[in-house]
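*Asks:* Take this structure first; my questions come after.
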Amino acid sequence: MTPDRWQKISRIFKSAILLDNEARAAYVESQCGRDESLRVEVEKLIESHGKADADSFMNGVAAEAVAPLLTDSEARPEILNKGQRFGSYIILDSLGSGGMGEVYLARDTRLDRTVALKVLSPDISEDKRRMQRFRQEAKVASSLNQPNILTVFEFGEADGLTFIATEFIDGETLREHLHGKRLGLGEIVDISLQVLAALDAAHEARIVHRDIKPENVMLRRRDHVVKVLDFGLAKITEHKSPSAEHDSDPEAITQFRTAPGIIMGTINYMSPEQAQAHKIDERTDIWSTGVIMYEMITGKIPFSGSTTSHTIVQILEKYPVPLTKLVEAPAELERIVMKALAKKPNDRFQTAKDMLGDLRSLQKRVELDAELKQTLPLITRTQDDLWRQKKRVLVFALLGMLLVTAAIFAVNIWRSSRVSNIPPVTPAQRTLTYWITVQKFKNNNPYQDPFTLAGEINFEADYRIRVNVRSPQPGYLYILNEGPASGTPEYNVVFPTSTANNGASLVPASETILIPKTSWLRFDTQQGIEKLWLVFSEDVLAELEPVKQFASIETGGLITDPALNKSIKDLLDKHSSNKPEVEKGESLTTLKAGGKLLIYAVKLEHH
């Protein structure tokens, strides 16, 4: 079947279904004449339309969308051919087809870049409704500038065809990515965060996507960046009064129940208010995101009936099975998903930004849990190992006693031989060396190789650091973080923690301490200068020993006891005048302080 033939069938079908039965038969007869095969094809589509209408398929059917499937497979050949020039573009390959037309990989000869071209099918170019949707998709998407939203380069016409040129995403849809596998918790949270970041940008522009689903979420292959596609159903919203929330929206009804039966959006991911053609706002996208998250976590769609009507009933009346009854998942993740899937919009997250905040807190907790597991002891000593160790300790103790005895004997001989000129005693001194390892992150993933600094620089927001400390002397080490906030300082305990040095503040001589051992320290979200207080003492410090109790994942190390915070501040202020000598090398900084106590603030400026 040629494109001209299909266009003729489609035109007759669209006009015929708008007529009553008697007028329809006369119209088909007049348009088909003696062309029996033409009449048969048209009547196939009309019959399909009638059957679906009898089943109350949302007051109509998707016959227009499935019509090409009822005809010859050659009914819709490719509009453009490989190697063909189309305006300023060279067609490189076909990427697929959809309800709106064909999509091609093309080269923009003006800017020498690869693009994706969505070309509207000729048989629907005269359809004002579809053309309006096509233009709206281009207009809405091009108005948004955010890394997780597909970039639109151009919208126009060439060779009598309408097209949109967008960035080409070398990757796969989330639907393809989910096929036959279960994602890890970290990846689920990361993908959800990026989808919500895209929606947050759209919602700030008062744009509701209205068709968030796995097919409209792409993952770029090279860096796993998420791109939200297809703003063809998007609608610019206005602030609504709460009392009008459940009122019927004529525009929504018109767009939801468009003749001949095209459903705007995908049933399984529709919010209750969208399924009822009520007024909608940004919270409908929150619902759809919750459905996607539920599907990523459990591998099941939360609302799925045997028919469209059954699915809608589930969306309106049923609650999905709790996550924790299907898979092992954090209770906080279940709370976030179930809140997004609340039937009433007022019970959901009110903005994508709110949901982003809760998810980011969960992500931080997951990372801390992973760090805790990695830093647990990995080797279990056998009884023989312990016995051998005890024997070595005993031998060393005996040797130590012999050495001490010999030393005492030698000192006594030396004292007896000295009459005068006793040299002065060298005063005590504390020495501590530190350096900073910096890792750049991009989209929550390590980016480029880490590098080492001797001192401080102006750190970027996506930098994370690890502090490395070493001393030729044993001693009690305490490291506290003071954020850039003004007013009375609050401190976070960085060392010792339950996952570092077995929770002890006493560190051996000449041993390098990595803080944290396997992960990275993040900067405070507030811009400014953070202080990392290094406190190294020959003796245990009663003022700082209690900080250990606050070294937990739940608190993030924040010391919440006002009395303890004041005690820490008094200690630091008391010794503020006794500043250590600082020797900065190419990659290390060495601190030296007279006496038994060394206190130094590493200043970390970030923005």
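*Asks:* Is it the case, given these coordinates, that L178 is buried (at least 19 other Cβ atoms within 10 Å of the Cβ) and either at pLDDT below 95 or not acidic (D, E) (or both)?
*Replies:* no
*Asks:* Shifting gears a bit: May I ask you to list pairs of residues, at least six apart or on different chains, whose Cβ atoms are under 6 Å apart, with the first in region 273-288 being closer than 21 Å to A197 by Cβ and the second being surrounded by 22 or more Cβ atoms within 10 Å (Cβ to Cβ) and among the hydroxyl-bearing types (S, T, Y)?
*Replies:* What qualifies is T284/S271; W287/S271; S288/Y269.
*Asks:* Only residues that are in a helix (DSSP H, G or I), polar (S, T, N, Q) and within 24 Å of A202 (Cβ to Cβ): list them for region 306-354, please.
*Replies:* N346
*Asks:* Taking only region 556-589 into account, find how many residues are acidic (D, E) and in contact with a helix residue (DSSP H, G or I) (Cβ under 7 Å, 6 or more places away or on another chain).
*Replies:* 0
*Asks:* Sort out which residues of region 571-607 are of a type outside the set (G, A, S), outside any strand (DSSP E or B) and in contact (Cβ under 8 Å) with a residue 12 or more places away in the chain, and write them in order of number.
*Replies:* L571, L572, H575, N578, K579, P580, E586, L588, K596, H607 - these are the residues of region 571-607 that are of a type outside the set (G, A, S), outside any strand (DSSP E or B) and in contact (Cβ under 8 Å) with a residue 12 or more places away in the chain.
*Asks:* From (1) at pLDDT 80 or above; (2) surrounded by fewer than 19 Cβ atoms within 10 Å (Cβ to Cβ), pick out the condition that doesn't hold for R430.
*Replies:* (2)
*Asks:* Now for a different question. Could you check region 1-92 for helices (runs of 4 or more DSSP H) lying wholly inside it with 2 or more residues that are loosely packed, with under 15 Cβ neighbours inside 10 Å and either out of contact with any Gly (no Cβ under 9 Å at 6 or more places or on another chain) or at pLDDT 80 or above (or both)?
*Replies:* 3-16, 21-32, 36-54
*Asks:* Restricting to region 101-136, what's the tally of residues that are within 13 Å of F168 (Cα to Cα), modelled with pLDDT under 90 and aromatic (F, W, Y)?
*Replies:* Adding up the residues that qualify gives 0.
*Asks:* Can you give me the number of residues within region 287-302 that are under 13 Å from A340 (Cβ atoms) and in a loop (DSSP other than H, G, I, E, B)?
*Replies:* 1
*Asks:* Condition first: surrounded by fewer than 16 Cβ atoms within 10 Å (Cβ to Cβ) and under 15 Å from G475 (Cβ atoms). Can you find one or more residues in region 581-592 that meet it?
*Replies:* Checked region 581-592: at least one residue is surrounded by fewer than 16 Cβ atoms within 10 Å (Cβ to Cβ) and under 15 Å from G475 (Cβ atoms).
*Asks:* Yes or no: I559 of a type in the set (A, V, I, L, M), in the same structural domain as V602 (by TED's automatic domain parsing) and within 27 Å of the chain's Cα centre (by Cα)?
*Replies:* no
*Asks:* Let me ask you something else. If E511 satisfies all but one of (1) in contact (Cβ under 8 Å) with a residue 60 or more places away in the chain; (2) over 26 Å from Y447 (Cα atoms), what's the number of the condition it fails?
*Replies:* Of the numbered conditions (1) in contact (Cβ under 8 Å) with a residue 60 or more places away in the chain; (2) over 26 Å from Y447 (Cα atoms), the odd one out for E511 is (1).
*Asks:* How many residues are crowded, with 18+ Cβ neighbours inside 10 Å and charged (D, E, K, R) when one looks only at region 290-328?
*Replies:* 1
The values are calculated or read from the model by the stated rules, or taken from the named source; none is laboratory data. The structure displayed is predicted, hence computed values, not measured ones. We place every Cβ from the backbone using ideal geometry, glycine too, and count neighbours over all the protein chains shown.
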